[in-house]
1. So what J values fall out for the stretch 122-130 if you push phi through Karplus, 6.51 cos²θ - 1.76 cosθ + 1.60 with θ = phi - 60°, rounded to Hz, Gly and Pro as x?
2. Quick one: which of 46/69; 22/90; 22/139 span more than 21 angstrom between C-alpha atoms?
3. For the ranges 143-153, 45-55, 197-207, 64-74, what's the packing order if you count other beta-carbon atoms within 10 Å of each residue, average per peptide, and put the highest first?
4. How big is Rg to Rh over the stretch 108-169, alpha-carbon atoms, Rh as the Kirkwood inverse-mean-distance radius?
5. Between residue 93 and residue 32, what is the label-to-label distance in nm when each label sits 7 Å out along the Cα-to-Cβ direction?
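Each reported figure results from applying straightforward, stated rules to the coordinates on display, with no laboratory input. Bear in mind the structure is a predicted one, so any value in this text is a computation, not a measurement. Heads up, the Cβs are rebuilt from the backbone with ideal geometry, glycines too, and the neighbour counts pull from every protein chain shown.
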Amino acid sequence: MFVELSNILSRGTGATEQQQGKLVLLIDSNTDGSFLVHHHLSASLKANRKVCFLGFAQSFSHYSSVAQKMGVSLAAAKEQGQLVFLEGLKSSLELLSAEDTAAEKSHPLQFLSFPSADMKSLYDYVQSSLLQVVGSEWKEPVLIIDDLSILLSLGLSTGHILDFIHYCRASICLRLKGDMVALVHSDDQQDEENELLVKWLHHQSSLIIQAEGLSTGYCKDIHGQENCKFYEEQTRNIR
């Protein structure tokens, strides 16, 4: 399965001088789609690409442990400047416990302390991280977000998240010809904000990979299925 997934990812991403980068949307429904994030992170680092990773779902040690099993050292990638990692769980705790108001306003996640604030601080963080790729030894940049649904649960509005994605896409995909990869959940269709986010991202994405549990329930040999849809192309399934 991972060989086929790698072929699909290489087809769906990787800009050339003639084309812009792409937004890859990862959706999980009634299953855990985090393996898609881990796979894309490892594949991007192995391809010598500059990576900015916004990890809101797990700690750095968790991502590092999984990457180690896939033959990649995240610690080494950070030291070499190839990987810029924002550990959302740790950073949010530090921010909420900080007493320095000035430090809060300059923090990438300052919108957590100021509910009315937009996500410009996080956008600036991503910009400064990936602009370093220009003239460096690294190939086209990649922004990976795990995951967008958590931002909604933290109190951010759908509008602010969509604005953030829009500006990142314009900067990374159009200007730097890099790629964006974002995971979002689609388990609860009663969550109107989340469903609005998913629908908007559907229209903006060049490649959609949806992991979902089997409708027939648990199976020992097959845990679920993946639907891979390219923009203006036919859907492909991996089991």
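1. These are the phi-based 3J(HN,Hα) values: 6, 4, 4, 5, 5, 4, 5, 6, 8 Hz.
2. Result: 22/90 exceed 21 Å.
3. The densest-packed peptide leads the list: 143-153, 45-55, 197-207, 64-74.
4. 1.02
5. 2.0 nm
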